Amino acid sequence: MIVAGALATLAACATTGPARLHTIDELNAVALRCGLALGELFQDESEKRLLFLFKAGSSPQERSCVTRWARPRGLRTVFVNAINFPES
């Protein structure tokens, strides 16, 4: 019984394999489903395991919706609220 529980825990922690770059259409469909605008959800080709939510003041429901979609796909969600550019 203990061994079965330990194996189930290890299986749950296993990674889902290499992350893939999702299409703009896929990400836009998720964005709309989660109440976001087009373009607020994106991936960078150089770091496919990260899914960026770029929206100032995103709600807990929006963040939760995106995370629920990302997690089973092996993606880590990054919430970007604002970018401060240095003055030149």
Which residues, counting only those in the stretch 29-54, are assigned to a loop (DSSP other than H, G, I, E, B) and open to solvent by less than 80 Å² (accessible area, probe 1.4 Å)?
C34, G35, L36, A37, G39, E40
Which of the residues that make up the stretch 35-55 are hydrophobic (A, V, I, L, M, F, W, C) and within 12 Å of the chain's Cα centre (by Cα)?
L41, F42, L50, L51, F52, L53, F54
Cβ-Cβ under 8 Å pairs, at least 6 apart or on other chains, the stretch 55-76 side open to solvent by 70 Å² or more (accessible area, probe 1.4 Å), far side modelled with pLDDT of 95 or more and assigned to a helix (DSSP H, G or I):
R76/A70
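The values are calculated or read from the model by the stated rules, or taken from the named source; none is laboratory data. These numbers come from a predicted model, not from an experiment. Every residue, glycine as well, gets a Cβ built from its backbone with ideal geometry; the counts of neighbours run over all protein chains shown. Heads up: the accessible areas ignore ligands, DNA and RNA and are worked out on the full protein's heavy atoms, side chains in. Shrake-Rupley method; radii C 1.70, N 1.55, O 1.52, S 1.80 Å.
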